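Undergrad: Encoded as structure tokens, here's the structure I'll be asking about.
What follows is calculated from the coordinates using simple rules that are stated; it is not laboratory data. Because the structure is a prediction, the values reported are computed rather than measured. In this analysis, Cβ positions are derived from the backbone assuming ideal geometry, glycine residues included, and neighbour counts consider all displayed protein chains.
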Amino acid sequence: MIMVKLLARRRTIPDPVALAPMLDDWMHSPLGNALIEAEKAQLAPVISRVFGYHMLQLSCSPGISMLDECPVGHKICFAPAWDPQRQAPVADNEALPLGTDSIDAVLLHHALDFTPDSHRLLREATRVLMPGGRLLILGFNPVSLWGISGLMRWHRQTPWNARFISRRRLTDWLRLLDFHVEKVSYGGFMPPLGHPRMLSQAARFEHWFDRLGNPTGAFYLIVASKQRMPVTPVAPRWPKLRAPALGAPLAETGRVASGRGTVIPMPPRKNLRQDDAGN
């Protein structure tokens, strides 16, 4: 679709330090709050079934926590810059100070929408996620009224300057990174208008369109699991073979039969020294 291609073109994303307060302000607005409530409603049944020791949220708006319903004990949310009011740890989402395969579940809350390099951030989230761990992605849907609004507003204001990565494109990226996409759902069916009367009907919009499985919500939720498993070295196991004759070499193997019916591994003949071969 032409609209998806226009929204997917390269955009100039503000520096994360400058972007964070702008996103925080918008998400605390009436329209932003309605979106967050719709996202939490979609996320709740998924995040309540996430288990493990460590859960990471990557977001360009650290003032919004989406992990309140998560049963995981240790929740991590980095901020792009130091804020004395929140005192959250500071880190670059594209270069996380975490060990490889160290996190049980990762939530990307519009992190891919507002980052200079979406591929790099996704690879970094993949790196820290444990094999078998869950990756949850909340992103703006270009095939929606919000996507159309992003075109009309010419990408100048937050959040309309988001990347609006399509669901199909993102699931292709995930498969290339060895993820299994378990579920895709949509939400945020209210029009992108801050009118109080319109926002008062937001819950009704969510109920109607969610029952229909409408794919034109303002956001999508993708649930995927990391499939790559750690490689465990396996010791070689020599098969038990019956020896045809005690001390006779087995054909084409360079091994010598023992008296107990097993095979003792021997070096191949081409590696024997000349004087050994004559003995």
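Undergrad: Place the peptides 137-150, 115-128 in order of packing, highest mean first, counting for every residue the other Cβ atoms within 10 Å and averaging per peptide.
TA: Ranked from most to least packed, the peptides come out as 137-150, 115-128.
Undergrad: Additional query: So, in nm, how far is label Ala18 from label Thr216 when the simple model puts each one 7 Å beyond its Cα toward the Cβ?
TA: For Ala18 paired with Thr216, the spin-label model returns 3.6 nm.
Undergrad: Residue farthest toward the positive end of the dipole of the stretch 88-177, with Cβ of Lys/Arg at +1 and Asp/Glu at -1: which of Pro97, Phe140, Leu107?
TA: Phe140
Undergrad: Further, regarding this structure: Give the order of Met55, Met152, Met130 when sorted by the count of other beta carbons within 10 angstrom, beginning with the fewest.
TA: Met152, Met130, Met55
Undergrad: Express the relative contact order of the stretch 30-153 as a whole percentage, based on alpha carbon pairs under 8 Å and six or more residues apart in sequence.
TA: Contact order relative to length: 22 percent.
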